[in-house]
Amino acid sequence: MSLHALQVKLSKLTNRSRSYPYQCLAAGRKWHQYLWRDVNNQFVLEASPDQSLYYMTTQRDGVKPGDYIEISGLGSASHYQIIQLERYCDPPDMWMATLRKLTLNFGYSQV
């Protein structure tokens, strides 16, 4: 990886982390990125009946409870934290997660 590419990657990570209060982001957690244009194709995202939580189903390795999900594109981005993760047996990299939406001001959404 070139020095410029590394600087750009670090800059994006730093800018994202500054968007949320420090105490709201868990140290050592990964960000997993998805695109809105892939909804219902690469992943499914549904609101819970009371709309305080969301459910996401997709296939991807390396995802753990506490990690963050970013869904971007179409001029906006939404950020979520995985609060519960259930894995399927077949295929083994398929999972369903319960997500809580993050907000810029308070960390978790105040619904």
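Here are some notes:
- Of the residues making up segment 58-68, just one is under 11 Å from residue 29 (Cβ atoms) and assigned to a strand (DSSP E or B), namely 68.
- Against the test of being loosely packed, with under 15 Cβ neighbours inside 10 Å and more than 13 Å from residue 97 (Cα to Cα), the options 33, 59 yield a single qualifying residue, 33.
- Of the residues making up segment 13-56, those that are modelled with pLDDT under 50 and charged (D, E, K, R) are 16, 18.
- Residues satisfying the stated conditions in segment 74-97, i.e. at pLDDT 90 or above, assigned to a strand (DSSP E or B), out of contact with any Ser or Thr (no Cβ under 6 Å at 6 or more places or on another chain) and loosely packed, with under 13 Cβ neighbours inside 10 Å: 86, 87
- Restricting segment 54-96 to residues that are of a type in the set (Gly, Ala, Ser) and closer than 16 Å to residue 38 by Cβ, the residue that is nearest to the chain's Cα centre (by Cα): 78
- Residue 46 meets the conditions (1) within 16 Å of residue 87 (Cα to Cα); (2) part of a strand (DSSP E or B) in every case but one. The failed one is (1).
- Of residues in segment 98-111 being at pLDDT below 90 and in a strand (DSSP E or B), the one surrounded by the most Cβ atoms within 10 Å (Cβ to Cβ): 107
The values are calculated or read from the model by the stated rules, or taken from the named source; none is laboratory data. Keep in mind that this is a model prediction, so the values were computed, not measured. For neighbour counting, all protein chains shown are included, and Cβ atoms are generated from backbone atoms with ideal geometry for every residue, glycine included.
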